[in-house]
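One structure, as structure tokens, below. Some questions next.
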Amino acid sequence: MVKLTFLGSGGGRFMTITQKRGTGGFVLEDDVKMHVDPGPGALLRSWENGLDPRELDAIIVSHCHIDHCNDANILIEAMTNGGMEKKGTLVGSDSVVNSSSSMMLQRYLESPERVEVLKAGDKTSVGNVEISGTPAIHSDPSTIGLKFRTSAGIISYISDTQFFPDLSKWHEGARVLIASVTRPAKYRIPYHLTTNDAIRLAREVQPELLVVTHIGMKLHTMGIENEIRDIEESTGIETIVASVGRKLLIDKNSITKGL
Ligand SMILES: [Zn+2]
């Protein structure tokens with residue numbers, strides 16, 4: 001059984017500073033526990049939603065923008081029990097682990113047991129979960145998407161990227177597809193997905209469930225509910241929002257939605 005807990009569905013600078021939907025990323029629990037893209041609020045929302053960040057085995061960061069990596073330092077502090085134990089893994093893009101402009105503090109790059117850069121096309125693993133880096137086209141050029149091979153099948157995460165023809169192929173086979181959909185269909189900006197892109201991705205990948213996250217201010221203001229209905233009606237694929245505290249229980253045959 002794999003459990004996903006979402007800690008926010010907001011993204012972009014204005015949703016991040018206003019915290020209208022939370023920006024804490026999500027936690028994936030299989031035989032191991034990992035926190036993915038811990039933006040602002042990740043630590044606090046973990047505790048508020050029954051997750052103890054001291055139990056984390058890994059922190060995975062797709063790129064070094066503040067809505068994705070802000071709480072990575074403090075989560076490493078928790079994972080290493082206040083720096084008392086050298087344990088756990090940090091997996092990040094090159095911009096998270098190696099860049100001189102990274103928001104990671106040096107002491108937290110040194111305190112996990114393992115620190116690894118993941119690039120598109122590379123694989124690593126944490127416990128029983130194999131993690132593949134997938135490509136992205138984003139203003140942080142080392143941004144990666146993430147494909148998790150878990151005991152309940154593939155869970156895929158499209159982090160910040162603009163649409164490109166091979167994007168679906170990289171996320172093929174996903175039972176749950178988590179996609180960062182920032183903009184309404186008619187308001188495309190560079191480096192981000194729109195709701196139209198989400199429709200195309202859902203049609204091509206054919207997940208059992210599409211989870212929309214990283215909703216930008218314009219999409220939030222225009223009303224995400226209508227857009228979700230549109231995605232569902234035009235694809236026939238069940239679509240939900242990664243609201244704070246939303247849980248999914250995934251086993252080999254079914255996906256159960258909490259909250
Ligand atoms: Zn972002």
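The values are calculated or read from the model by the stated rules, or taken from the named source; none is laboratory data. For clarity, every value in this text was computed on a predicted model and none was experimentally measured. Neighbour counts are summed over all protein chains in view; Cβ atoms, including those assigned to glycine, are modelled from backbone coordinates with ideal geometry. Just so you know, the surface numbers come from the protein's heavy atoms only, side chains and all, with ligands and any DNA or RNA stripped out. Shrake-Rupley method; radii C 1.70, N 1.55, O 1.52, S 1.80 Å.
Considering segment 95-115 alone, what residues qualify as being in contact with a strand residue (DSSP E or B) (Cβ under 7 Å, 6 or more places away or on another chain), outside any strand (DSSP E or B) and not polar (S, T, N, Q)? Quick ask: steps written out before the conclusion?
Of all residues in segment 95-115, those in contact with a strand residue (DSSP E or B) (Cβ under 7 Å, 6 or more places away or on another chain) come to 96-98, 109, 112-115.
Still in the running and outside any strand (DSSP E or B): 96-98, 109, 112-113.
Selection gives Val96, Val97, Leu109, Pro112, Glu113.
For segment 122-218, give me every one of the strands (runs of 3 or more DSSP E) that falls completely inside it and has 3 or more residues that are closer than 20 Å to Val61 by Cα, open to solvent by 10 Å² or more (accessible area, probe 1.4 Å) and touching a strand residue (DSSP E or B) at 6+ places or on another chain (Cβ under 9 Å).
123-126, 145-150
Answer yes or no as to whether Ile74 is in contact with a helix residue (DSSP H, G or I) (Cβ under 8 Å, 6 or more places away or on another chain), of a type outside the set (Asp, Glu) and more than 27 Å from Thr221 (Cβ to Cβ). Walk me through it before giving the result.
On the way: in contact with a helix residue (DSSP H, G or I) (Cβ under 8 Å, 6 or more places away or on another chain): yes; of a type outside the set (Asp, Glu): yes; more than 27 Å from Thr221 (Cβ to Cβ): yes.
Yes.
Looking at Leu51 and the list (1) out of contact with any helix residue (DSSP H, G or I) (no Cβ under 8 Å at 6 or more places or on another chain); (2) under 19 Å from Glu113 (Cα atoms), which single condition is not satisfied?
Among (1) out of contact with any helix residue (DSSP H, G or I) (no Cβ under 8 Å at 6 or more places or on another chain); (2) under 19 Å from Glu113 (Cα atoms), the lone unmet condition for Leu51 is (2).
Checking the structure you have, find out if any residue of segment 184-196 is hydrophobic (A, V, I, L, M, F, W, C) and under 27 Å from Ser93 (Cβ atoms). Spell out how you get there, then give the answer.
Quick first cut of segment 184-196, residues hydrophobic (A, V, I, L, M, F, W, C) only: 185, 189, 193.
Going one step further and asking which of them are under 27 Å from Ser93 (Cβ atoms), we end up with 189, 193.
Within segment 184-196 (the criterion being hydrophobic (A, V, I, L, M, F, W, C) and under 27 Å from Ser93 (Cβ atoms)), the answer is yes, since at least one residue qualifies.
Same structure again: Could you look through segment 219-259, keep only residues that are closer than 26 Å to Asp67 by Cβ and polar (S, T, N, Q), and pick out the one that is least open to solvent (accessible area, probe 1.4 Å)?
Filtering first and then ranking leaves Thr239.
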